[in-house]
Amino acid sequence: MSQMVACVVLIRAVPGDVPALARRIAGIDGVAEVYSVSGDYDLIAIVRVKEYERIAEIVTEEIAQIQGIERTNTLTAFRVFSKQDLGTAWDMFD
């Protein structure tokens with residue numbers, strides 16, 4: 001499997017139809033998931049792509065340009081840690 005890069009995009013929406021906004025963001029190629037959340041942000045988009053350059057395109061040219069988005073804050077992931085990773089780490093000691 002080829003290596004993927006990921007980022008988390010925190011999205012603050014103007015008051016309105018957040019579910020419709022979430023569906024529009026979820027339709028963007030490279031957006032893996034969109035969550036509606038409570039707190040300072042209304043939505044969180046998980047972006048997974050093959051190149052870092054594609055993250056810039058998705059966030060600045062696609063997500064941020066959608067009407068209804070007030071602001072975004074992007075967190076680029078360096079590494080991923082999961083239960084699956086923990087299991088395979090112990091396999092090397094067998």
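The values are calculated or read from the model by the stated rules, or taken from the named source; none is laboratory data. Keep in mind that what you see is a predicted model, and the values were worked out from it rather than measured. Neighbour counts are summed over all protein chains in view; Cβ atoms, including those assigned to glycine, are modelled from backbone coordinates with ideal geometry. Ligands, DNA and RNA are excluded from the accessible area calculation, which covers all protein heavy atoms including side chains. Shrake-Rupley method; radii C 1.70, N 1.55, O 1.52, S 1.80 Å.
Structural remarks
- Filter result for residue 40 (over 25 Å from residue 81 (Cβ atoms), open to solvent by 70 Å² or more (accessible area, probe 1.4 Å), among the acidic types (Asp, Glu) and outside any helix (DSSP H, G or I)): no
- Count - residues of the range 7-19 that are of a type in the set (Gly, Ala, Ser) and either surrounded by fewer than 17 Cβ atoms within 10 Å (Cβ to Cβ) or outside any strand (DSSP E or B) (or both): 1
- Residues of the range 22-37 classified as surrounded by 14 or more Cβ atoms within 10 Å (Cβ to Cβ), in a helix (DSSP H, G or I) and not aliphatic (A, V, I, L, M), total: 1
- Considered as a group, the residues in the range 62-82 that are among the small types (Gly, Ala, Ser) and within 28 Å of residue 16 (Cβ to Cβ) include one that is least open to solvent (accessible area, probe 1.4 Å), and that residue is 68.
- Filter result (touching a Cys at 6+ places or on another chain (Cβ under 9 Å) and outside any helix (DSSP H, G or I)) within the range 44-85: 45, 46, 47, 48, 49, 74, 75, 76, 77
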